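The values are calculated or read from the model by the stated rules, or taken from the named source; none is laboratory data. Quick caveat: nothing in here was measured; it's all calculated off a predicted structure. Glycine also receives a Cβ, built like all others from the backbone with ideal geometry; neighbour counts cover every protein chain displayed. Calculation scope for accessible area: heavy atoms of the full protein, side chains included, ligands and nucleic acids excluded. Shrake-Rupley method; radii C 1.70, N 1.55, O 1.52, S 1.80 Å.
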Amino acid sequence: MFNKTGPGLSSRGVLWGLCILVLYTSPLSCFAHFSQAKELVYKIKEGLPSGTLIGSMGSDLHLDLSLDPHVLFSLPQKKPSDQYVTLNSTTGQLFTSGNEIDRETLCPEASEYNQGCVLSLDVFILPQQYFQLVKVKILVEDVNDNRPRFPTGEIRVSIPENTQVNTRFAVEQSATDPDLGFHGVQTYWLVNDFGVFTLDVEENEGGELTPFLIVTDELDRERQEEYVTDIIAEDGGLPPLLGTATLRIIITDVNDNCPQFTESQVNVTLYGNTTKGEQLSRLHAFDPDQGANAVISYAYSDRVPGEARALFHLDRITGVIKLAGQINTATGKFYKLTVLANGPGCIPAVAMVTVHVIRVASGPPVIMPRYIAAEKDGVVTMKESEPPFSPIAFFTVKNTDQRGQRTECLLEGSGPFRLSPYKVFKNEYLLETTEPLDYEQRQDYELTVVLRNPRGLIIKTFIKILVQDENDNAPVFKQSLCEVSVEENNPPNSFLAQLQATDQDSEARGEVIYLLGSDAPSIFLLDRLTGVLTVSTSLDREEKQTYRFMVRAVDRGTPRRESLATVVITVLDRNDNSPRFINKDFTFFVPENFPGFGEIGVLSVTDADAGENGWVALSILNGSDIFVIDTGRGALRARTPLDREQQGTYYLWIEAVDGGEPSLSCLTMVTVLLLDVNDNPPIVLFPQSNQSYMLVLPSTLPGTSITEVYAVDKDTGMNAVIAYSIIKRKGGEPGSFDIDPDTGNITLKRELSDRGLYSLLVKVSDHGHPEPLHSTVLVNLFVNETVSNESYIRSLLTGEAETQMEEKPWYVGKLTERPGREDVFPCQPLLIALSVTCLGLFCIVVTLTAYICCKKLKKWKKHQMKRLEVEMPLKMNGDLQDVDRKRMEISNI
């Protein structure tokens, strides 16, 4: 391996090292800086993967990204193949795109000059209130991504056999490497030197390395006429990259003199407007030899590209170089031409011709548009929501007159637009809006940018602006309130209404779909496209009378817009509900003797229907002669007072009929139970009268049941429970007889020592409330062995009865129960007092008479004793039979 050893190599290397050191220690190597001309400079390496951050413009420009509206960043539109970077429109961050940045492809002339490669961008800061034009320069650093390449796969070098040792032969087909500096070709070496060759490297004034083959031993063509090995070119990368070619060394016979150029370095300046065929330079080489050995021919080296060969013609005899093609005036360029002077059997002499092409302004002025808004084929599309002073495009005027004469740029056409010079840069014009655009008013505009120079030349550029519709109009209902009436019991899926809304926007943005609001019951269905509203089930007014919910009309734009309408559905009544009593049946408890037309009870009835369908009339189907019902309140009344003793329970059928057509009805049964009132005193059934009597033998033992008092009460309950008591005794010894208070059983309590008539006044009383009622009965017991004189006994009984009547009639209890006597006879107390007095006197008279009669009867008592003993059993048998019959009647009752 050999290092670089050419002249000037050390000094040039030190110079390049200082340049690189200064470049890396400058502010460009660390971060971007913001110039007064709104320029940002970034530095990256070539070949970075897609998405690599290049720089953040928002931060480097110290912009406040939290403003409202937000700051936006935009790049002019380019072909996808030209887009090496992507821009985040909100943060201003620049990233590498899918197109890999190759410095050698992007800046081929920079590789030739060994200069820096710059990617220039124009970035727009939007919207219009923040608008700026920012020039961004991206310095692309070289990386070792290319290996050295030889122009041909096989290199031929001819060396005369009489060549002296240490003679040097240039290998013209040297390798090239597009990379710069240390990444370029650094050295060459041979795989096999055969012991007779070595390789050295020289650097010319242009910094290019040329390998030289050096002969280190004598050659003999007759011994070996050619040597074949590989020549290796190595760059300075880490790791280094290699390039290989086959080196074929041919041993020939040579002359002893070879051509030499008078100038090995020739510089040519070429203007872009140079005409075709103009001579650029003439090269001159000489050979001291004579004859055929002095013939010189000129030719381009194999390293000269075909494009340069075609553009610059070299006369092989005279060495004249002429312009053979048209120079591209749009871009400046640099060409390097290697010319060889060939002599017979000689190594070619080498001359380097450098052609500098200078760009000149020629031809008429040119308007170059750079669109900020979306553009395709000269048609710009703008949203109608863009605010006033929104930038549309930049127009750059090129080929302007350099002598200070001003070029005028104007805008022709109607519409809210203006074209004005941009304040920062020269020959830059900004086209922007002056008012908001409205698609509904106008959809397109045709504008003309007119350029006039002082010579009267007019150049026009036509622009068509299409206003892009946005979803800026919400649908509008024809009716914001939709009221619908429908009868209940409708069939399922019945049509209710069709809602209609319109939207002024175009295409899908103006298409309306209909949706139910979140408050809509699930039974309602709304067709999304037609707006037809239906109900999926039958409605029941008694369940719900009114439905109220929202309906939405939504367009298909982005973002979607909507409007609301209110739907009110009223369910009309039908007579589909019969009246209903609140109870299946009714039972009323009423005290007897209840006054006529008094309210017995209320029958509550309901009907879920409304209006006449819910009006209910009540009627009594049976018992209407006794009862009457109030249709309005449902109050049941009796026409006359009711007596429980006549009928204790009434069963009524009540019918409720509504007012619908046809009418509906229902029935209920009403039971009226009369509660007993203590309005009946007990009725004594036995003894049958106060004048009946019973013979009691004097020999009857104490504790013997003598007779019984039987009584009944027409009332019920406690009003019918009877209690017996002896309230007065007459005759015989006091306390001889006693009565059971519950059964009325009269028993003998002590032995009978006196004979004669014993009279017991028995009170028969009920347990009624608030005041019990009672009756009295006289129980006559005749103590004797026989009844000898019945007429006498009857006379005694008659007197006793009258006496008892005077004292207290048996029906006193019944009379006292009759209400309102005092009202009928206002002097009743006086009459009663007089009656009692008369009765008292009458009783005294009767008592005296009875006493006298008794004295008279004692005289013939013994005379009648025998006859009484015969008649007594007969009378007892008859009386007992009568008692048994009464008991049977009582038990039946």
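I'd like to know how segment 392-500 sits against the 2.2 N^0.38 Å rule of thumb: what's its Cα Rg over that expected value?
Values: Rg = 27.4 Å, N = 109, 2.2 N^0.38 = 13.1 Å.
Cα Rg divided by the expected 2.2 N^0.38 Å: 2.09.
Express the carbon and sulfur contribution to the solvent-accessible surface of segment 528-595 as a percent, rounded to the nearest whole number, probe 1.4 angstrom.
Details: 1750 of 3790 Å².
Within segment 528-595, the accessible surface is 46 percent carbon and sulfur.
Report P(r) for segment 171-223: all Cα-Cα distances, bin width 5 Å, range 0 to the bin holding the largest distance, values in whole percent.
Calculated over all Cα pairs of segment 171-223, the distribution is 4, 17, 24, 21, 14, 10, 6, 4, 1 percent.
Considering only C-alpha atoms, what is the centroid distance from segment 638-690 to segment 499-534, in Å?
Taking the Cα centre of each part, segment 638-690 and segment 499-534 sit 67 Å apart.
Could you tell me the convex hull volume per residue, in Å³, taken over the Cα atoms of segment 275-344?
On the way: hull volume 6.0 nm³, N = 70.
Dividing the Cα hull volume of segment 275-344 by its residues yields 86 Å³.
Can you check how the C-alpha radius of gyration of segment 130-192 compares to 2.2 N^0.38 Å, as a plain ratio? It would help to have the intermediate numbers written out before the result.
Details: Rg = 21.1 Å, N = 63, 2.2 N^0.38 = 10.6 Å.
Working it through for segment 130-192, the quotient is 1.99.
In segment 128-227, what trypsin sites (Lys or Arg not before Pro) fall in a loop by DSSP, with at most 16 other Cβ atoms inside 10 Å?
Numbers: sites: Lys135, Lys137, Arg149, Arg156, Arg168, Arg221, Arg223; in loops: Arg221, Arg223.
Loop-located and lightly packed - Arg221, Arg223.
What number comes out for accessible area per residue over segment 232-348 if the probe is 1.4 Å? Units Å², please. If you can, show how the numbers build up before the last one.
Working: 5910 Å² over 117 residues.
Spelled out: the 1.4 Å probe surface of segment 232-348, per residue, equals 50 Å².
Could you tell me which residue out of Ala610, Leu621, Leu636 lies farthest along the dipole of segment 601-665 toward its positive end? Charges go on the beta carbon: Lys and Arg +1, Asp and Glu -1, centred on the Cα centre.
Result: Leu636, furthest along the dipole toward the positive end.
How high is the relative contact order of segment 649-791, in percent, counting Cα pairs under 8 Å that sit 6 or more residues apart? Display every interim value, and only then the final one.
Numbers: 328 pairs, mean separation 38.0, N = 143.
Contact order relative to length: 27 percent.
Evaluated at 4 °C with a viscosity of 1.567 mPa s, what Stokes-Einstein diffusion coefficient in µm²/s does segment 661-756 have when Rh comes from the Kirkwood expression over alpha-carbon pairs?
Details: Rh = 17.2 Å.
This corresponds to a translational diffusion coefficient of 75 µm²/s.
Quick one: which residues, 5+ away or cross-chain, put their amide H under 5 Å from the amide H of Cys117? H built at 1.01 Å from N.
The list, which skips near neighbours in sequence, is Val140.
Name the chymotrypsin sites (Phe, Trp or Tyr not before Pro) in segment 189-221 that are in a loop by DSSP and that have at most 14 other C-beta atoms within 10 Å, would you? Write out the running numbers ahead of the final one.
Working: sites: Trp189, Phe194, Phe197, Phe212; in loops: Phe194.
Hits after loop and neighbour filter: Phe194.
Find the centroid of the Cα atoms in segment 87-163 and in segment 603-632, then give the distance between the two in whole Å.
About 105 Å separates the Cα centre of segment 87-163 from the one of segment 603-632.
If packing is taken as the average count of other Cβ atoms within 10 Å, what order do 689-699, 446-456 fall into, highest mean first? Present the calculation step by step, with values, prior to reporting the outcome.
Values: 689-699: 17.1, 446-456: 14.8.
Per-residue Cβ counts within 10 Å, averaged per peptide and sorted highest first, yield 689-699, 446-456.
Relative to the Cα centre, what is the charge dipole magnitude of segment 609-692, using +1 at the beta carbon of each Lys and Arg, -1 at the beta carbon of each Asp and Glu, and rounding to the nearest 20 debye?
Values: 4 positive and 11 negative charges, 69 e Å.
About 340 debye.
What is the ratio of the Cα radius of gyration of segment 90-209 to 2.2 N^0.38 Å, with N the residue count, to two decimals? Mind showing how you got there, number by number?
On the way: Rg = 22.9 Å, N = 120, 2.2 N^0.38 = 13.6 Å.
So segment 90-209 has a normalised radius of gyration of 1.68.
Restricting attention to the alpha-carbon atoms of segment 445-579, what are Rg (one decimal) and Dmax (integer), both in Å?
Calculated on Cα positions, Rg and Dmax stand at 25.6, 106 Å.
If you roll a 1.4 Å probe over the heavy atoms of the protein chains, what accessible area per residue do you get for segment 369-457, in Å²? Could you put the intermediate results ahead of the total?
On the way: 4790 Å² over 89 residues.
About 54 Å² of surface per residue is accessible.
Pull up all non-local amide H partners of Ser506: gap of 5 or more, or a different chain, and H-to-H distance under 5 Å with H placed in the peptide plane.
Amide H neighbours of Ser506, under 5 Å, 5+ apart: none.
Kirkwood Rh and Cα-based Rg: tell me the resulting Rg over Rh for segment 193-258, rounded to two decimals.
Values: Rg = 14.8 Å, Rh = 14.2 Å.
The Rg/Rh ratio comes out at 1.04.
Of Ile251, Gly207, Gly272, which is farthest towards the positive pole of segment 204-281's charge dipole, taken about the Cα centre with +1 and -1 on the beta-carbons of Lys, Arg and Asp, Glu respectively?
Gly272
Would you pull out the residues with amide H under 5 Å of Tyr300's amide H, same chain only if 5 or more places away, H placed 1.01 Å from N?
Leu340
Could you give the semi-axes, largest first, of the ellipsoid that matches segment 620-707, computed as the square roots of 5 times the alpha carbon gyration tensor eigenvalues and rounded to whole Å? Don't skip to the answer; put the middle values down first.
Numbers: eigenvalues 654, 31, 18 Å².
Sorted largest first and rounded, they come to 57, 12, 9 Å.
Which Rg and Dmax, in Å, describe the Cα atoms of segment 488-548?
Spelled out, the Cα radius of gyration and Dmax of segment 488-548 are 14.2, 47 Å.
Please give me the summed charge of the neighbours of Ser705: other residues whose Cβ is under 11 Å from its Cβ, Lys and Arg +1, Asp and Glu -1.
Taking every other residue near Ser705 into account, the sum is -3.
At 1.4 Å probe size, put Val476, Val628 in order of accessible surface, largest to smallest.
Numbers: Val476 90, Val628 45 Å².
Reading off the accessible areas and sorting them downward yields Val476, Val628.
Looking at this model, which pairs from Lys43/Lys398; Lys45/Lys423; Lys38/Lys276; Lys43/Lys426; Lys38/Lys460; Lys45/Lys322 are more than 32 angstrom apart at the alpha-carbon? Don't skip to the answer; put the middle values down first.
Details: Lys43/Lys398 29 Å; Lys45/Lys423 34 Å; Lys38/Lys276 42 Å; Lys43/Lys426 26 Å; Lys38/Lys460 30 Å; Lys45/Lys322 39 Å.
From the list (Lys43/Lys398; Lys45/Lys423; Lys38/Lys276; Lys43/Lys426; Lys38/Lys460; Lys45/Lys322), the Cα-Cα distance tops 32 Å for Lys45/Lys423; Lys38/Lys276; Lys45/Lys322.
How long is the gain from Gln83 to Ser56 if the chain were fully straight, where each residue apart is worth 0.36 nm and the alpha carbon distance is subtracted?
Details: separation 27, 0.36 × 27 = 9.72 nm, distance 1.79 nm.
That pair, Gln83 and Ser56, stretches by 7.9 nm at full extension.
Leaving out ligands and nucleic acids, and using a 1.4 Å probe, what accessible area per residue does segment 594-731 come to in Å²? Don't jump to the answer; show the numbers that get you there.
Details: 6550 Å² over 138 residues.
Result: 47 Å² of accessible area for each residue.
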